[in-house]
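Single-structure report; data block below.
Derivation of every value follows stated rules applied to the coordinates shown; laboratory data play no part. Just so we're clear, the structure is a prediction, and the values are computed from it rather than from any experiment. Virtual Cβ from ideal backbone geometry, glycine too; neighbours counted across all protein chains shown.
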Amino acid sequence: MISSMPNLPKFLRRKAGEAPKEFPKSWETSAPKAPPIKAEKLDKRTPYQRTVDAANAHIAIFEEKVDAIWDGDVDFSFYDYFNLNVIGRPQVKVIHDYYLPLQAEVNAIATDDDLAEAYSCYSKADIKRAQNFINGLIADCEIWMKNKKRRRIIKRKRTRSKEKIVSKVNYQKDASELKLVSVDPVNIVGAREVWIFNTKYNTIGKYVSERREGLEIKGSTIKGFDKEESAKKRLRGPAIEKITQACLTGSKPDLRKLLDTIKTKPGKLNGRLNENTIILRCLK
């Protein structure tokens, strides 16, 4: 009787043996005839192809349960099955997508005249049982995928210590003839303002951060400074000791005016520190 209906849905024709069960497309590769030394070299599939083929093995088991539900209750938990077999999220996604059309079909029986006629050989209780079973399958797939996503470990960028960051900074530790000693370069990291003095060219400079989190340093280069606010000026003769000492002892308001008291022409800073650079002061 079932085979005589011309417009039967795929599920019923499959159940009657007139239509083959169609699993998601499986890829087969042409392996070389000569057996390789290692078996894994035979597998030329992409990761997604392997995922689909693995999902098909589980779908074959589920198909038996789906077929059996039309004839009576089936005691089976898809979520427990996923958990017991430790199925990955990508495989469950393939299973979920495979059964979505069947879910849509059985849920539309009550509203679609053609489907209602095609499934008229089943009682309302049979249809309701099948709907609950297939809806439960889809729901378990979705819950499993959400839980897997929630448990996924996100690799976070490892935070380096300040000491590690400045371990390769090239700078001049002291200049005894000028009575100057560098502060630890670790203080540059996160500073809002850094004062430096170049003992080769007798220039004093000020780096001003352009970011709330302060300056940073990579190798021997200061990063994140405001190129317009940051500047340097050359010192001559007695002004060298006077200005450098004023930089070391002055308050923040005093430092804001310090460069303006120097009459030489201002220059741009490039951020690079070297063996002639004394780190005078770092302000947070």
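For the range 275-284, backbone phi angles converted through the Karplus equation (6.51, -1.76, 1.60; θ = phi - 60°) give residue-by-residue couplings of 5, 9, 9, 8, 8, 6, 7, 10, 10, 8 Hz, Gly and Pro being listed as x.
Remark: spin-label model distance V86-L255 equals 5.6 nm, labels positioned 7 Å along the Cα→Cβ axis. Coupling constants for the range 102-109 follow from the phi torsions by the Karplus curve (6.51 cos²θ - 1.76 cosθ + 1.60, θ = phi - 60°), and in residue order they are 5, 4, 4, 5, 6, 6, 9, 4 Hz; glycine and proline get x.
Taking the centroid of alpha carbons for each part, the range 251-270 and the range 166-222 are 16 Å apart. From most to least packed by mean Cβ count within 10 Å, the peptides 259-265, 90-96 give 90-96, 259-265. Between amide H atoms placed 1.01 Å from N, distances below 5 Å from K223 occur with E216, I217, K218, all of them 5 or more places distant or on a separate chain. A simple packing score, the average count of other Cβ atoms within 10 Å per residue, orders the peptides 56-62, 69-75 as 56-62, 69-75, with the highest score first. Diffusion coefficient (Stokes-Einstein, Kirkwood radius over C-alpha pairs, 4 °C, 1.567 mPa s) for the range 162-283: 91 µm²/s, rounded to a whole number. Using the Karplus relation 6.51 cos²θ - 1.76 cosθ + 1.60 with θ = phi - 60°, the per-residue 3J(HN,Hα) values for the range 235-250 come to 10, 10, x, x, 5, 4, 5, 4, 6, 5, 5, 5, 5, 6, 10, x Hz, with x marking Gly and Pro. Straight-line cross-link reach from K148 at under 20 Å between alpha-carbon atoms covers these aspartates and glutamates, not counting any fewer than eight positions away in the same chain: D80, D97, D140. Just list whichever of K232/K284; K162/K252; K149/K223; K179/K232 have alpha carbons separated by over 27 Å in the model shown. Exceeds cut-off: K149/K223.
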